[in-house]
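All of the numbers you see were taken from the coordinates with simple rules; none came from a lab. Please read all numbers here as calculations on a predicted model, not as lab measurements. Here Cβ is always computed from backbone atoms with ideal geometry, including for glycine, and neighbour counts include all displayed protein chains.
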Amino acid sequence: MITSGRRTAPPFFLLLLLLALPLLAGCAGLQRDGEWWQARRDPSGQAPDPAVTHEAVLQMYAARAVGWRGVLAVHTWVALKPTGAQSYTRYEVIGWGVDRGVPAVRVNRTGPDNYWFGSRPDLLVDLRGDGVDALIVRVEAAVKGYPFQSAYRTWPGPNSNTFTAYIGRAVPELRLDLPPTAIGKDYLPGGALAAMSPGGRGVQLSLFGLAGLLAGVDEGIEINLLGLTFGVDVKDPALKLPAVGRVGHP
């Protein structure tokens, strides 16, 4: 039998290469302004001024996480303003202090659309006007019902992205499409193996946020491997990669 002298790379090596390329690209493209605690945290100008905006507003944001975590992941939150309100309420999950008894869910730690330690947030959901007040009531109920009020774990969850994904499932009308860099979004409460996707129009399987599969109208098809997401967005054509995020349609 004649055999070729060419050798094929073992599958494990190819898997490591597949994981390493987007991580290296993410490291190369990430810039932070000096020391993270000195980075800008002023408004980004994406939330309408409540002083002149009478209508209800419901928004969700994602910004690169602080420090080394920002290479791989984003931090997400929700901000809302009922009709006629003169200020926003911002809800998010933060890990700092949880081990000392501080609640994981924080309220109004900063403004609705502020830079997150140097990172300008991306607007994921922007709903205004008729019908939004009813959604705000349901979002606030989901915030109160979040099952990890006093728990936080950077990886694989529960973290800030577990929190916003929970809200998305509770209020599917938000059509929340969390970015592939939202590590923790696939961590399901109660050790559940299956759930609605955060976008509300799909399903997902997940093994403690470490491995899983998602298929949804808004998210497309995603594979979760050790908290890292690989996928294809069919609705708005794009690849989804760890660290890099979306490649294609913004």
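Taking every pair of alpha-carbon atoms in region 82-137, what share in percent sits in each 5 Å bin, from 0 to the bin with the longest distance? Reading the bins upward from 0: 4, 14, 19, 24, 18, 13, 7, 2, 0. When only alpha carbons of region 50-89 are considered, Rg and Dmax amount to 14.0, 40 Å.
Per residue, the convex hull around the alpha carbon atoms of region 178-220 comes to 59 Å³.
Evaluated at q = 0.12 Å⁻¹, the base-10 log of the normalised Debye intensity for region 45-180, with identical point scatterers placed on the Cα atoms, takes the values -0.44. Assign one of three labels to region 209-250, namely rounded, prolate or oblate, based on the Cα gyration tensor with a ≥ b ≥ c the square roots of its eigenvalues; rounded applies when a/c is under 1.5, prolate when it is not and a/b is larger than b/c, and oblate otherwise. Cα axes put region 209-250 in the oblate bin. Legend: P(r) of the chain from all alpha carbon pair distances, 5 Å bins from 0, whole percents, reading 1, 6, 13, 17, 19, 17, 12, 7, 3, 2, 1, 1, 1, 0, 0, 0, 0. Here region 52-124 is treated as a Stokes sphere of Kirkwood radius computed over C-alpha pairs; at 37 °C and 0.692 mPa s its diffusion coefficient rounds to 248 µm²/s. Computed from point charges on the beta carbon alone (+1 for Lys and Arg, -1 for Asp and Glu), the dipole magnitude for the chain about its Cα centre is near 680 Debye. Only loop residues by DSSP count here, and only those with at most 12 other Cβ atoms within 10 Å; note down the chymotrypsin sites (Phe, Trp or Tyr not before Pro) in region 28-122 that meet that. Filter output for region 28-122: Trp96. Taking other C-beta atoms within 10 Å as the exposure proxy, Ile136, Ile167, Ile223, Ile183 rank Ile223, Ile136, Ile167, Ile183 from fewest upward.
All C-alpha pair distances within region 133-250, sorted into 5 Å bins from zero, spread as 2, 13, 23, 26, 19, 11, 5, 0 percent across the bins.
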